[in-house]
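Participant: This is the structure, below, for whatever I ask next.
The values are calculated or read from the model by the stated rules, or taken from the named source; none is laboratory data. As the structure is a computational prediction, the values presented were derived from the model and not from experiment. Quick reminder, even Gly has a Cβ in these numbers, built from the backbone with ideal geometry, and neighbours come from all protein chains shown.
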Amino acid sequence: MRHYLAKLQKHAIILFDGDCNFCNRSVQFIMRRDHKDYFRFASLQSSIGQSLLAHYVANPPYDSIVFIENDQVFTESTAVLRICRRMVGLWKALYALIILPKPLRDLLYRSFAKRRYALFGKQVACLLPTPEIRKKFLTMDENRET
């Protein structure tokens, strides 16, 4: 795992709920605004997602976004805001919300997260990604170039 992570040093990793339609659309949204090719992605349910959670998080949050940047782990609202900080355009401005108290931000995050399946549904089929998009997703194949 260490060798694999060393190859990803210049990238941040976003672990997301692969069953959630909102989460999958959010990944696509982020990719379109990731002009510096900074982010790499894996679903929380994937084997690499589970390995990364086990490596970085003592009590893994299976229903929260996880953002790994420079060997630091961020979850819930902090993860979302740190991702916004790295996107292009006005989305960077959302990072200013980091000044709100974390308990308040996370309360709002959890409130939305509880309702995301009811509001947006669950994945029933996966789209076949293009090779360009596929390289942004992590796999257990440590020999693959990232």
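Participant: For segment 25-63, which residues satisfy the criterion of being in a helix (DSSP H, G or I) and closer than 23 Å to Arg105 by Cβ?
Facilitator: The first filter runs over segment 25-63 and keeps only residues in a helix (DSSP H, G or I), leaving 25-32, 47-56.
Hits for segment 25-63 are Arg25, Ser26, Val27, Phe29, Ile30, Leu53, Tyr56.
Participant: So for segment 35-50 (the condition being under 12 Å from the mean Cα position of the chain (by Cα) and acidic (Asp, Glu)), does at least one residue qualify?
Facilitator: Among the residues of segment 35-50, not one is under 12 Å from the mean Cα position of the chain (by Cα) and acidic (Asp, Glu), which makes the answer no.
Participant: Here's another thing I want to ask about it. Which of the residues that make up segment 13-62 are surrounded by fewer than 17 Cβ atoms within 10 Å (Cβ to Cβ), acidic (Asp, Glu) and at pLDDT 90 or above?
Facilitator: Answer for segment 13-62, where residues must be surrounded by fewer than 17 Cβ atoms within 10 Å (Cβ to Cβ), acidic (Asp, Glu) and at pLDDT 90 or above: just Asp37.
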